[in-house]
Every structure is written in structure tokens, then in C-alpha cells.
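Bear in mind that the values in this text are calculations on the coordinates, not laboratory data. Since the structure is predicted, the reported quantities are computational estimates derived from the model, not experimental observations.
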Amino acid sequence: MNDQLKRKGITSFIPYLKYFWHENAEGKYFEFLDWEDVCRLYEFNANLQALISAAIAKIEVAFREQITYSMEQVHGGYWHYLDSLFQESTKNVLRDGQVVEKSAYKEIHSFVRKYFKQGDRHTFREIIEMLSFGLLYRIYSCLRPCREKELIAKGLGISSVSIFTSCFYVLVRLRDDCAHPGVIWNKNFKPPKHILHYSQGYTWLKEVEKARTDKLYYRLCLLNYFLQIVDSEYNFTEDLLCLLDKYGQVISFPVMGFPVDWEEEKMWSKPDSL
């Protein structure tokens, strides 16, 4: 225990201690608290964050290539300078204590002016590696309805632009959560606006209504789905199942949103049972 505290500090473990809290009329208390369980829960969350981050990175690379290729084939390498391609919708951002409106189109050019010489023009392919996943998502979501936007979504396994946009927003938020040392394994997430109800030739949930969209399980299912498309040989499923098995004694599957029969879903079948 002392070694763990020296390396990480008690503050790092407080969110995991809270999981073991019980409450009655007299207040909160710990019941049968084992420090090893607290440490294992901390390790599980850290390993889970690393696994998810690596999976999202693969999906992000595919998304970058899809949007770059699809847009430049029709509109050329400098398509991001064409304001006619973008919707006029804006988002509110906080700047110097005041709320201002900022469009995705202006965000791109603000970024270019910040990192490149003023007056220079750069193709989207030249700047894309410097764009965050969040900004890349903003660029896509703010494109006007067009065939290229549909092709990007279809290239990543979803024929509906609205559903694809919603699913990718889930991944953007999940990536942000994993980039910080917070608890994600039992987090209550904001439910997505649109849910993926079907498969475009890939394995998806037979009973998606059983998956709580405010929990981690639904997000793990989305990762599984997109990885079938961008890298079918990636061992995400195997690694996740091993992780769940290793820490199965300290985690709660219902708290993570796993339905009781989740192992019967084809996407979670072990290789030897396929």
C-alpha cells in the first residue's frame, strides 16, 4: 500500500475508493475494503484507457484518409478554403470570459494562420496530421450535405450521415476522456443523439436495445464495429476479453452497461468459438 501511495498519491485513488462506499442512515462507510482491490480497479481503468486509446487511434487514421481522399478527388487539395462547402452553423466557445460564435470553416483558417506563415496556402493533406480528432470531426460534421460526405460515412461502415456523425462524436468524447487520468470504466456518459441500429455488412449487436447508450459497453461495441472495417486483424476483442477476465473479480459488468447475455453477441465471440 505504501509503495502505491508514494508513486501515485492518495488523490489518484479517491475515485476508486468511492466505488466501495456504502451508505446508510448514519452516513457513508466502507464495507470489507481491501486495498488490493482498490489498486486492481485503478490498474484496470488505466489498462482500459490505453486499450481504448489505441483502438480509437486506428479509427482516427482511417477517418483522416477517408475525408482527405473523398474531398480532394472532387474539390481538389485546397477544398478546405472553399467556404461554400461548409454550413453556416456555428458553435459557442468561451474566449476572454465572453461567449462568441465560431464556425468550423473559421476554425480551420485560424489554425492555419497560427501554425503556418501568413499568406501561405497548404493542401488539406499537408495540414491534416496537425489537426486534432475533435477539429477533424468538426470539419466533417459542418460540411454541407453532399455526396462526398455520404461516401466518407459509407467508407467507414455507416450509410446514414446523421448516425455516423453521432457515432463519431461518441468516439471523440471517449478519446478525450481517455486522455485524462479520470475514471471511465463506470462512468455515466451522455447518450448519443442517434444510435446505430443496423450493420452495413459487418457484425453488430443483434439486440442493440439492451445496450445502455449512457454506459461504456455501447462505446466498446462501436469500437469493435469500426475496427472490423479499418483493421480486421487488430486484436481489440481478444485484448478486451483478456482484460475483463483478469479483473473480473473487482469490476461490475452491470455498472459498465454489459447486458447479462452480452457474451452471446457474435462480435464478442472468442476466436476459437467462431
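Here is the link list: K149/K215; K193/K246; K149/K193; K18/K206; K154/K206. Which ones come out longer than 24 Å on Cα distance?
Working: K149/K215 29 Å; K193/K246 34 Å; K149/K193 19 Å; K18/K206 35 Å; K154/K206 21 Å.
As for pairs spanning more than 24 Å Cα to Cα, those are K149/K215; K193/K246; K18/K206.
For q values of 0.17 Å⁻¹, compute log₁₀ I(q)/I(0) with the Debye formula on a Cα-only model of segment 155-198, without solvent.
-0.54
Can you give the translational diffusion coefficient of segment 158-233 in µm²/s, computed by Stokes-Einstein from the Kirkwood radius over Cα pairs at 25 °C and 0.890 mPa s? Can you show the working numbers first?
Numbers: Rh = 13.0 Å.
Answer, rounded: 189 µm²/s.
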